[in-house]
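For reference, the structure is listed below as structure tokens.
The values are calculated or read from the model by the stated rules, or taken from the named source; none is laboratory data. The structure displayed is predicted, hence computed values, not measured ones. So basically every Cβ, Gly included, is an ideal-geometry build from the backbone, and we count neighbours across all protein chains shown. Surface accessibility is based on the protein's heavy atoms, side chains included, excluding ligands, DNA and RNA. Shrake-Rupley method; radii C 1.70, N 1.55, O 1.52, S 1.80 Å.
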Amino acid sequence: MSYSHQSMGSGSRSTRGYEFGRTYVVRPKGKHQATIVWLHGLGDNGSSSSQLLESLPLPNIKWICPTAPSRPVSLLGGFPCTAWFDVGEISEDLHDDIEGLDASAAHIANLLSTEPTDVKVGIGGFSMGAAIALYSTTCYALGRYGNGHPYTINLRATVGLSGWLPGWRSLRSKIESSNEVARRAASMPIILAHGTSDDVVPYQFGEKSAQTLAMAGFRQVMFKPYEGLGHYTVPKEMNEVVHWLASRLGLEGSR
């Protein structure tokens, strides 16, 4: 499978004036049935994501792999690197950078907005990429971004590896505020996976994210712990993702 190094949406700016990097695309080998935006972790880029994804036996998926803006990151003492939003110490008291989250979620939605109407769309990512994938998923359920602007993409699947859930404190009350919101949350398939030996994003954050989503009304959340796994992916984990996506999206010819 080949991927092109074209720059879809390169140069588009967020509300904070940050410029998103190059977007890499892995085109489907077979019939185009689904498109998934895959989001890299802190300090990484879309190119490395595309190289991982092109090896997966999912011939009916088009992968879109954007690159986050380079911005000062509090966790790194203000040192700039590619990041979907600003993040400080990963702890129970983690402050959510709603403006940064919204800007990246809007950029991702824009990448999906031109996909054919008969193609199912989803979102996934690793670490910080998983966090923005989950944030986008909550925006889909709520029908709006954190800033109140409407979210219009009809997401069909979410994958989060070694990540966490931004905005978890207020999620349940927001989901319960509307029957339509609760319906969207209940019907949204999500798979989360996390290594028990993760020393970057502790395992408890992955586990708590899954529990919080389930308690808020997301009824189709699968959580997969991986014993002894650190902050990286392994073939067993990716195989699980492949089978889950093929099943949830009803893809032809995928095993």
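Computed values, structure above
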quantity: Where Ile98 falls short, out of the listed (1) over 16 Å from the mean Cα position of the chain (by Cα); (2) over 26 Å from Gln33 (Cα atoms); calculated: (1)
quantity: Hits in the range 115-144 (condition: open to solvent by 30 Å² or more (accessible area, probe 1.4 Å) and either basic (Lys, Arg) or out of contact with any strand residue (DSSP E or B) (no Cβ under 8 Å at 6 or more places or on another chain) (or both)); calculated: Pro116, Thr117, Asp118, Lys120, Arg144
quantity: The one condition in (1) of a type in the set (S, T, N, Q); (2) under 20 Å from Met128 (Cα atoms); (3) not in a loop (DSSP other than H, G, I, E, B) that Ser173 fails to fulfil; calculated: (2)
quantity: Count of residues meeting criterion [without any contact (Cβ under 8 Å) to a residue 60 or more places away in the chain and either part of a helix (DSSP H, G or I) or closer than 22 Å to Ala246 by Cβ (or both)] in the range 138-162; calculated: 9
quantity: Residues of the range 19-35 that turn out to be surrounded by fewer than 17 Cβ atoms within 10 Å (Cβ to Cβ) and under 22 Å from Thr67 (Cβ atoms), as a count; calculated: 2
quantity: Enumeration of residues in the range 211-231 that are part of a loop (DSSP other than H, G, I, E, B) and touching a helix residue (DSSP H, G or I) at 6+ places or on another chain (Cβ under 7 Å); calculated: Gly217, Phe218, Arg219
quantity: Residue match in the range 195-204 (condition: outside any strand (DSSP E or B), in contact (Cβ under 8 Å) with a residue 40 or more places away in the chain, touching a His at 6+ places or on another chain (Cβ under 7 Å) and β-branched (Val, Ile, Thr)); calculated: yes
quantity: Verdict on Ile90 being modelled with pLDDT of 95 or more and closer than 27 Å to His231 by Cα; calculated: no
quantity: Residue, nearest to Leu155 (Cα to Cα), within the range 226-255, restricted to residues that are surrounded by fewer than 18 Cβ atoms within 10 Å (Cβ to Cβ) and touching a Ser or Thr at 6+ places or on another chain (Cβ under 6 Å); calculated: His231
quantity: Trp84 being in contact with a helix residue (DSSP H, G or I) (Cβ under 8 Å, 6 or more places away or on another chain), under 30 Å from Arg183 (Cβ atoms) and assigned to a loop (DSSP other than H, G, I, E, B); calculated: yes
quantity: Residue count for the range 64-93, restricted to those that are in contact (Cβ under 8 Å) with a residue 40 or more places away in the chain and open to solvent by less than 40 Å² (accessible area, probe 1.4 Å); calculated: 13
quantity: Members of the range 232-248 found to be assigned to a loop (DSSP other than H, G, I, E, B) and hydrophobic (A, V, I, L, M, F, W, C), listed by number; calculated: Val234
quantity: Failed item in (1) more than 30 Å from Lys31 (Cβ to Cβ); (2) open to solvent by 40 Å² or more (accessible area, probe 1.4 Å), with Ser187 passing the rest; calculated: (1)
quantity: Every pair of residues 6+ apart whose Cβ atoms lie under 8 Å, when the first sits in the range 173-190 and is more than 19 Å from Gln211 (Cβ to Cβ) while the second is assigned to a helix (DSSP H, G or I) and β-branched (Val, Ile, Thr); calculated: Val181/Ile175
